[in-house]
Amino acid sequence: MTSEATTTASSADMQASATDEQAQATDGQASAAKALPGSIDETLAALQAHHYLADRRLASAVFLALRLGKPLLLEGEPGTGKTEIAKVLASWLGKRLIRLQCYDGMDLAQAAYEWDHARQLLEIRMAESTGRQGDMQVSDLYETRFLLRRPLLQAIEAQTAAPVLLIDELDRTDEAFEAYLLELLSDFQMSIPELGTISALHPPLVILTSNRTRELHDAVKRRCLYQWVDFPDAGREDAIIARKVPELDAALRARVVVLVQALRGLDLFKKPGVAESIDFARALCVLNAESLSDELVRQGLGVLLKVQDDIVLATEQLPALLGSTVQ
């Protein structure tokens with residue numbers, strides 16, 4: 001393959017990638033683009049229309065994040081709907097969702113960008129084979145065509161519309177990664193030593209979540225709006241299950257809600273989240289259950305609880321728990 005052919009192929013790859021991104025953004029805008037809400041009540045209504053039943057405090061935080069263009073940090077127990085809010089916002093506003101799932105040991109190569117070393121090496125060998133190595137500069141190997149874009153850079157480089165950037169479970173990373181995020185959170189830009197600073201043409205809507213397994217640095221929190229997301233109260237959880245599992249009998253649904261609320265009152269290692277409540281309700285429908293019997297709940301505790309010690313404790317307390325569900 002000649003150098004000209006290699007360059008042509010590289011250009012084609014870049015154009016195809018750009019076209020794909022533009023098509024995704026354009027499709028989203030054309031099919032579901034929405035204006036920003038004008039009030040907290042509009043935000044509540046829009047979230048509800050997309051099957052997310054938020055309380056007023058959370059709706060207020062979302063409204064302010066949208067209107068002020070600030071990142072929103074959501075902290076709370078696992079299973080309280082923090083991640084779901086980003087998905088709902090992307091659907092509601094007709095924006096592309098870019099998700100960065102954090103984990104222990106994650107570095108910039110997985111989160112932001114890395115250089116395609118194999119392609120750079122191929123470029124060097126092509127130059128050697130065509131006698132161009134004398135004209136090649138180091139900077140020639142650090143052009144954007146050699147850049148592998150990860151979620152953070154994808155969000156910054158969005159060309160046609162601002163995406164929703166979800167940085168999920170930030171507490172799983174370390175303080176060094178938090179420090180790297182500061183530039184993005186404050187100025188919506190990213191510095192790449194070989195290329196310089198890349199600023200967002202359309203600043204993304206950034207949603208960060210944390211299960212608070214460790215305390216996040218104050219510098220991160222200062223750059224964000226903050227909201228604690230708690231488990232829903234009984235009334236809101238009943239409404240959520242009714243919306244997600246409408247086929248479940250209302251009386252049985254009410255007993256499920258009381259049971260789950262009572263389980264959260266125990267000293268559990270991992271309390272059941274809303275997702276577990278919904279799964280348990282669906283399981284009851286699959287089993288054609290008409291009531292919450294002792295045996296049925298024992299068999300289904302693995303739907304609600306995911307730690308054996310929690311299951312043992314709940315089993316011991318089951319008579320009292322079931323007693324609390326009697327209307």
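Going 7 Å from the Cα of I40 toward and past its Cβ, which residues in segment 214-247 have a backbone nitrogen under 17 Å from where you end up?
Hits in segment 214-247 for I40 at 17 Å: 225-230.
So, in nm, how far is label D233 from label L195 when the simple model puts each one 7 Å beyond its Cα toward the Cβ?
It works out to 5.0 nm between the two label points.
Mind checking the dipole of the chain: about its Cα centre, +1 per Lys or Arg Cβ, -1 per Asp or Glu Cβ, Debye to the nearest 20?
The calculated dipole for the chain is roughly 860 debye.
Could you check how much of the accessible area of the chain is carbon and sulfur, as a whole percent, using a 1.4 Å probe?
52
How much length is gained on full extension from Y103 to R282, taking 0.36 nm per residue of separation minus their Cα-Cα distance?
That works out to 61.4 nm of additional length.
How far is helix 40-49 tilted off the main Cα axis of the chain, in degrees rounded to 10, range 0 to 90?
80
Could I have the simple spin-label model distance between Q317 and R132, label points 7 Å from Cα toward Cβ, reported in nm to one decimal?
7.0
Using only Cα atoms and rounding to the nearest 10 degrees, what angle (0 to 90) does helix 3-32 make with the longest principal axis of the chain?
The angle comes out at about 30 degrees.
Hey, can you find the accessible area per residue of the chain for me, probe 1.4 Å, expressed in square angstrom?
I get 49 Å² per residue for the chain.
Angle check, please: helix 82-93 long axis (alpha carbons) against the longest principal axis of the chain (alpha carbons), in degrees 0 to 90, nearest 10.
The two axes meet at around 70 degrees.
Taking mean projected area of the Cα convex hull in nm² as the quantity of interest, determine which of (1) 42.9; (2) 20.6; (3) 16.3 was computed from the displayed structure.
(2)
Using Cα pairs closer than 8 Å and at least 6 residues apart in sequence, work out the relative contact order for the chain, in percent.
20
Only bridges whose two residues both fall in the chain count here: according to DSSP, what percent of them are antiparallel, nearest 5?
Taking every DSSP beta bridge with both residues in the chain, the antiparallel ones total about 30 percent.
The values are calculated or read from the model by the stated rules, or taken from the named source; none is laboratory data. The shown structure was predicted, so the numbers you read here are calculated from the model rather than taken from an experiment. Counting neighbours? That spans all protein chains shown, and the Cβs are built from the backbone with ideal geometry, glycine included. With ligands, DNA and RNA removed, areas are computed over all heavy atoms of the protein, side chains included. Shrake-Rupley method; radii C 1.70, N 1.55, O 1.52, S 1.80 Å.
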